[in-house]
Amino acid sequence: MMEARPAVDDAALGREAMAVLEANWTGTGTVPAPGLYPHQWSWDSAFVVIGLARHWPDRARDELLSLLRGQWATGMVPHIVFHTREAYFPGPSVWRSQEHEAAPHVLTSGLTAPPLHGLALWWLYQHTGDEAFVRNTYQALVAQHDYLASARDLGGAGLAAIVHPWESGMDDSPAWDEPLAALPVIRYGYRHVELDERHPDSDHDRYVWLAMRYRDAGYSPGYLRDEHPFAVEDPMFNGIWLASCEAMAELAPLARADPTPHVEQAARIRQAMIERLWDGCFYARDLRAGRLIRVSTVGGFGPLLDPLLPSEHLQAAVEILESARFMGATGYPVPSCEIRAAQFDRTRYWRGPSWVNTNWLLRRAAAVHSLDHLTQQLTNGTLRLVRQAGFRECFDPFDGSGRGCRDFSWSAALTLDLLA
Ligand code: 2M8
């Protein structure tokens, strides 16, 4: 049921968003939400940087620097940086980052997350003109991209593979059902909060098993290449990486660096996404099974972030996005899975609900391609969600009711950007 909330005007909504971000600041970083996510998450932080770029640039800079304190000497930016003592599962005792020679002093997870940070830095620069900050952080992001190109190109074609569903940021997306089903059944009985909205126990146990296998192999790239049973080329992860490569190319002169490698990397990713992930729309590719995972999710629109995406792919993908398979059927943008898929579930996390962050990314994509009507629809639809239901983690795409936790940082941060 839609929750009743007094009508809020733009100014009040902006103040509420700032208050959420202030409350979620721990002194060292912004947590995604109090209670459920008490540490710093990688792409959540990048969205916070984007949202605060205009409104609170000092805090945005601190947020990015704080996250980068967790970067490994390999260049890997971990998906969680543990700054506080608060318990979370899987926490530091599962990841054991401190036992790895490449890990920093601050405790982190051993997985990575969508590399949105190049785009976030570019965004910050657009709104602050702070060249010194670009110079300070540029090399760290070059190292992040080099890590992806060297340790994660498991398919050998120029794309980065995710080696765990958590790396996608879209944890229980139906896109991971097939590769997960190929793993052995694991029964640890680990419990996680609100599992009914997330994964069934058996899947969560597989997630933990997969993470521990990687850990026990010393987080080794050779193990990932030769043995790790989960390796997927995801269009959202790679679309974000491509957008960050383009951002880095534009920032390079400010850091007195050569933009060419970034431009070339972007071109490689673009070509590989078209050759390997496209079949009427973009799908994820299961490298272990050697085939596309034919379920259409919001992740399939990630490549639209590329301004140079050929128009035939752009037009076909936008048609699907606007059709009754996605936005055309729901009252609110954008369901995380196409609604006609058997796996679609409007109540379950990344299997149906709408998310402010993916809406923002698609709005960015629409703006990059000057699709003004779509840009406006995504802006208005997303603002309607948060106005009516508050800064929830995700939303029912049909009636707009809020799901997951409240006071969610990226919902608040990106609202600030949408209001600007
Ligand atoms: C969710 O992921 C975590 C695991 O990392 C979880 O399910 O507990 C995802 O929505 C992910 O995208 C997000 O970064 C994280 C924190 O908001 O929560």
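Name every residue in the stretch 33-59 that is away from the ligand (no atom under 16 Å from the Cβ) and closer than 25 Å to Gly404 by Cα, in order of residue number.
The answer is Leu52, and nothing else.
With the requirement that a residue be of a type in the set (Asp, Glu) and not in a helix (DSSP H, G or I), what does the stretch 309-368 give you?
Glu338, Asp345
Residues in the stretch 387-416 that are part of a helix (DSSP H, G or I) and either within 16 Å of the ligand (Cβ to nearest atom) or at pLDDT below 95 (or both): how many?
Counting residues in the stretch 387-416 that are part of a helix (DSSP H, G or I) and either within 16 Å of the ligand (Cβ to nearest atom) or at pLDDT below 95 (or both) gives 7.
Counting only residues that are within 11 Å of the ligand (Cβ to nearest atom) and among the β-branched types (Val, Ile, Thr), which one in the stretch 22-32 is farthest from Glu63 (Cα to Cα)?
Here the residue is Val31.
Give me the residue from the stretch 9-42 that is outside any loop (DSSP other than H, G, I, E, B) and under 19 Å from the mean Cα position of the chain (by Cα) and, out of that set, nearest to Phe237 (Cα to Cα).
Out of the qualifying residues, it is Ser42.
Do we have Ser66 as within 16 Å of the ligand (Cβ to nearest atom), surrounded by 24 or more Cβ atoms within 10 Å (Cβ to Cβ) and at pLDDT 95 or above here?
Judged against the criteria, Ser66 is not a match.
Pairs only if they're at least six apart or on different chains, beta carbon under 9 angstrom, first in the stretch 147-160 and part of a loop (DSSP other than H, G, I, E, B), second surrounded by 21 or more Cβ atoms within 10 Å (Cβ to Cβ) and of a type in the set (Asp, Glu); list them, first residue then second.
Leu154/Glu233; Gly155/Glu233; Ala157/Glu233; Leu159/Glu233; Leu159/Asp234; Ala160/Glu233; Ala160/Asp234
If you scan the stretch 223-249, which residues turn out to be within 16 Å of Arg285 (Cα to Cα) and in a loop (DSSP other than H, G, I, E, B)?
Answer for the stretch 223-249, where residues must be within 16 Å of Arg285 (Cα to Cα) and in a loop (DSSP other than H, G, I, E, B): His228, Pro229, Phe230, Ala231, Asp234.
Can you tell me which of (1) away from the ligand (no atom under 15 Å from the Cβ); (2) among the hydrophobic types (A, V, I, L, M, F, W, C); (3) in a loop (DSSP other than H, G, I, E, B) is the one Met170 doesn't meet?
(1)
Can Thr137 be described as surrounded by fewer than 19 Cβ atoms within 10 Å (Cβ to Cβ), away from the ligand (no atom under 16 Å from the Cβ) and either within 23 Å of Leu183 (Cβ to Cβ) or hydroxyl-bearing (Ser, Thr, Tyr) (or both)?
Taking the combined requirement at face value, the residue does not satisfy it.
Name every residue in the stretch 88-118 that is among the hydrophobic types (A, V, I, L, M, F, W, C), within 13 Å of the ligand (Cβ to nearest atom) and part of a loop (DSSP other than H, G, I, E, B), in order of residue number.
Hits for the stretch 88-118 are Phe89, Leu111, Ala113, Leu116.
Could you grab me the full set of residues in the stretch 347-368 that are among the β-branched types (Val, Ile, Thr) and either within 16 Å of the ligand (Cβ to nearest atom) or crowded, with 24+ Cβ neighbours inside 10 Å (or both)?
Result: Thr347, Val356, Thr358.
The values are calculated or read from the model by the stated rules, or taken from the named source; none is laboratory data. Keep in mind it's a predicted model, so treat the numbers as computed, not measured. Because the Cβ atoms are built from the backbone with ideal geometry, glycine has one as well, and the counts that use them run over all protein chains shown.
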